[in-house]
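What follows draws every value from the coordinates through simple rules; no lab data is involved. Because the structure is a prediction, the values reported are computed rather than measured. All Cβ positions, glycine included, derive from the backbone under ideal geometry; neighbour counts span all protein chains shown.
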């Protein structure tokens, strides 16, 4: 798919992986709707950088875990942009702890944002894509969802769920000209991982490439899948080999 002139929703696009995806899509000529909650200054800055590349970019306050809010935002995006051809479900949170000490509300919140949020946005946007008979969806999963990670029962469960959701959506929507894929990052240098102590984490020490990844390396994989016409239901790992 040629991305020039297409309209994209990027959830969690204020910073980190989402920001880099938005900027790379703008480089390819796509218009950007940033669906974000909190980090208003960062979201505005990302939109301004996209606009400087000659595309339309608007920030929308959106709680992806709230289905009614998602419907309202998607309806407004349709009014503002006319259509939505591209969706990147990137919004996510962590509430890490060992299972024995994990609070129920921390489990529920991570599932609500990471998994239900992906469902909410995919359901709302795919309704538009079905009518258009065109669409590309990329969900951000994680290698934690593929191999597990101590202290991340909630996060790993949510990201494993994203993989199952991705494959099911891919099967449901393929006949309508819509693809759905996932990218599973490993340890990536973002605000979410800035407090991790690499020297004290044996899992990070086992990365074959010997380093954490960068947001641009994840964004490159996302944009590749958004432009691919004959790939669907796949999970592309960007992890330096840790989950091979």
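Go through segment 152-163 residue by residue and tally those that are within 15 Å of the chain's Cα centre (by Cα) and surrounded by fewer than 20 Cβ atoms within 10 Å (Cβ to Cβ). Going through segment 152-163 one residue at a time, the tally reaches 3.
Among the helices (runs of 4 or more DSSP H) confined to segment 50-151, the ones with at least 2 residues that are surrounded by 18 or more Cβ atoms within 10 Å (Cβ to Cβ) and out of contact with any strand residue (DSSP E or B) (no Cβ under 7 Å at 6 or more places or on another chain) are located at 67-81, 104-110, 117-132.
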